[in-house]
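Colleague: For reference, the structure I am asking about is given below.
Any read-out appearing in this document is the output of simple, stated calculations on the displayed coordinates, not a laboratory observation. On a predicted model such as this, the values are computed, not experimentally measured, just so you know. All Cβ positions, even for glycine, are placed from backbone atoms using ideal geometry, and neighbour counts span all protein chains on display.
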Amino acid sequence: QKEVEQDPGPLSVPEGAIVSLNCTYSNSAFQYFMWYRQYSRKGPELLMYTYSSGNKEDGRFTAQVDKSSKYISLFIRDSQPSDSATYLCAMRTLNTNAGKSTFGDGTTLTVKP
Amino acid sequence: NAGVTQTPKFQVLKTGQSMTLQCAQDMNHNSMYWYRQDPGMGLRLIYYSASEGTTDKGEVPNGYNVSRLNKREFSLRLESAAPSQTSVYFCASSEARLAGVEQFFGPGTRLTVL
């Protein structure tokens, strides 16, 4: 069983929809929770990260962490065609040599105009 | 600032050939990483380096070697390429404080092994 499982998708939504992207994990030692966005044929880029539990908002993006359920989510409000990309969740423990992190397999999102 | 650069962008090899993928960063980061990305499989860590002079195995190190040449450069070598190593390879770097959390990725190298 993988340490990090991500809803596989693909996901297709109309412009303006609210999008929910989700990951579950099994390692209770994970403390940092990240969301990366990867456009086609490009390297991933960090969208946002959360330390421990709770919510974090950045513009149209909200990250939620529920450590009791080992479940994290990324919500995108008022989705735009420019949000079409693959979204990768990633996680890291507090004490790790060099900062090894574990990635989910990614969810591909298409926002249709 | 160029960020993280990788060369080459594309490469086609025959089974058994060797090659080195180059990576350099200009952000003065301590940590550097090599990942491979296969369709539907996310990013898998091959090797990483916490600082100049140190390297450690990641999740899928077999068939690869690395060299942390200096603080800026981290190379990945395939000694005898196999078709199973056909993939997209990404190099990344992080500063010490957010090592592994805020990773900056290069544009990738698309490798095909025939």
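Colleague: Using θ = phi - 60° and the Karplus form 6.51 cos²θ - 1.76 cosθ + 1.60, what ³J(HN,Hα) does each residue of the range B:61-73 get, whole Hz, x for Gly and Pro?
Modeller: 3J(HN,Hα) across the range B:61-73, in whole Hz: x, 5, x, 10, 9, 9, 9, 9, 5, 6, 5, 7, 10.
Colleague: Here is a further query. Once you charge only the Cβ atoms, +1 for Lys and Arg and -1 for Asp and Glu, what is the size of the charge dipole of the range A:1-109 about its Cα centre, to the nearest 20 debye?
Modeller: Using Cβ point charges on Lys, Arg, Asp and Glu, the range A:1-109 gives about 300 debye.
Colleague: Apply the Karplus curve 6.51 cos²θ - 1.76 cosθ + 1.60, θ = phi - 60°, to the phi angles in the range A:49-56 and return the couplings in whole Hz, x for Gly and Pro.
Modeller: Once θ is set to phi - 60°, the couplings for the range A:49-56 become 9, 10, 9, 6, 8, x, 10, 9 Hz.
Colleague: To the nearest 0.05, what FRET efficiency results for residue A:95 and residue B:26 with a Förster distance of 25 Å applied to their C-beta separation?
Modeller: E between residue A:95 and residue B:26, to the nearest 0.05, is 0.30.
Colleague: What is the calculated FRET efficiency for residue B:5 to residue B:51, with r their C-beta to C-beta distance and R₀ = 22 Å, to the nearest 0.05?
Modeller: Calculated transfer efficiency: 0.65.
Colleague: When the scattering of chain A is computed by the Debye formula from its Cα atoms alone, each counted once and equally, what is log10 I(q)/I(0) at q = 0.16, 0.23, 0.24 Å⁻¹?
Modeller: Values returned for q = 0.16, 0.23, 0.24 Å⁻¹ are -0.69, -1.34, -1.43.
Colleague: Pairs A:2/B:71; A:2/B:9; A:42/A:100; A:100/B:71; A:56/A:112; A:67/B:57: which are spaced more than 24 Å apart, C-alpha to C-alpha?
Modeller: Among A:2/B:71; A:2/B:9; A:42/A:100; A:100/B:71; A:56/A:112; A:67/B:57, the Cα-Cα distance tops 24 Å for A:2/B:71; A:2/B:9; A:56/A:112; A:67/B:57.
Colleague: Name the residue from A:59, B:87, A:84 whose Cα lies farthest towards the positive end of the charge dipole of the protein assembly as shown, charges +1 on Cβ of Lys and Arg and -1 on Cβ of Asp and Glu.
Modeller: Checked the options; the winner is B:87.
Colleague: Also, quick follow-up: Percent relative contact order of chain A, based on C-alpha pairs within less than 8 angstrom and at least six residues apart?
Modeller: 37
Colleague: Another question, if that's okay. Can you pull the one-decimal nm distance between simple spin-label points at residue B:15 and residue B:59, each 7 Å off the Cα toward Cβ?
Modeller: Result: 2.7 nm between the two label points.
Colleague: Over what distance in Å are the Cα centres of the range A:34-113 and the range B:13-56 separated?
Modeller: Their Cα centres are 22 Å away from one another.
Colleague: Then there's this: Give me the distance in nm between label points sitting 7 Å out from Cα along the Cα-to-Cβ direction at residue A:82 and residue A:110, one decimal.
Modeller: Placing both labels 7 Å beyond Cα along the Cβ direction yields 2.1 nm.
Colleague: Could you identify which residue out of B:17, B:37, B:25 has the top mean-square fluctuation in a GNM of chain B using Cα springs shorter than 10 Å?
Modeller: Greatest mean-square fluctuation among the candidates belongs to B:17.
Colleague: Okay, next question. Would you work out the relative contact order for chain B, in percent, from Cα pairs under 8 angstrom that are 6 or more residues apart?
Modeller: Numbers: 295 pairs, mean separation 40.6, N = 114.
About 36 percent, as a whole number.
Colleague: A follow-up question, please. Would you mind computing Rg(Cα) / (2.2 N^0.38 Å) for chain B, counting N as its residues? List each step's numbers first, then the result.
Modeller: Values: Rg = 13.2 Å, N = 114, 2.2 N^0.38 = 13.3 Å.
Here the answer is 0.99, to two decimals.
Colleague: Over chain B, what is the percentage of antiparallel beta bridges among all DSSP beta bridges, to the nearest 5? Can you show the working numbers first?
Modeller: Values: 33 of 37 bridges.
Within chain B, antiparallel bridges account for around 90 percent of the total.
Colleague: Would you calculate the separation in nanometres between label points at residue B:96 and residue A:42, each defined as 7 Å from the Cα along the Cα-to-beta-carbon direction?
Modeller: 3.2
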